[in-house]
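The structure under discussion appears below in the form of structure tokens.
Read the figures in this text as sums done on the coordinates, not as results from a lab. What you are looking at is a predicted structure, and each value in this text was computed from that prediction instead of being measured. A quick note on method: Cβ atoms are made from the backbone with ideal geometry, for glycine too, and the neighbour counts reach across all protein chains shown.
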Amino acid sequence: MKRILPFLLALMPMTACGGTAGNSYRQATMEEAISLMEEETGYVILDVRTGQEYANGHIPDAINIPNETIGSGEISQLPDKDQMILVYCRSGSRSKQASKKLAALGYTNIVEFGGILDWTGDTVSETP
């Protein structure tokens, strides 16, 4: 608990895009995101790059919903709007855009952690 409390307190002020409830997301460093993945359960890792980029290599267990396809409609792959969603792209730009859109759609537990370029863990590929 002593390890987790400072981490949680550090995340509290990390909101972007306004700050009204339901219209914001948290930003985390890659290290913070990895800690969340190790300590939490029930989260979704969301890769918002193109399908080809995803197929070439992605974080294990990540699902792919390209940023360009996130709009104003419901997202069937993300039915629980209170579930923690850890969002990344290639460098961090599209993940911020997607996080803003998800927050506007009513998702409440979004953690944007940048790009796979900074990922030091394993990746999986769907191409030979």
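At a glance:
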quantity: Cβ crowding within 10 Å averaged over residues, with 48-61, 85-98, 103-116, 29-42 ranked highest first; calculated: 85-98, 103-116, 48-61, 29-42
quantity: Distance cut-off 18 Å, percentage of C-alpha pairs in segment 34-128 lying past it; calculated: 39
quantity: Nonlocal amide H pairs with V44, under 5 Å, H built at 1.01 Å; calculated: M84, I85, L86
quantity: Contact order normalised by residue count of segment 68-128, Cα under 8 Å, 6+ apart, percent; calculated: 37
quantity: Separation of the K81 and D122 label points, Cα + 7 Å toward Cβ, nm; calculated: 3.6
quantity: Principal axis box of segment 72-121, alpha-carbon based, largest edge first, Å; calculated: 31, 19, 16
quantity: Whole-Hz ³J(HN,Hα) from phi, Karplus 6.51 cos²θ - 1.76 cosθ + 1.60, for segment 97-114, glycine and proline x; calculated: 4, 5, 4, 4, 5, 4, 4, 5, 7, x, 6, 10, 10, 9, 10, 8, 10, x
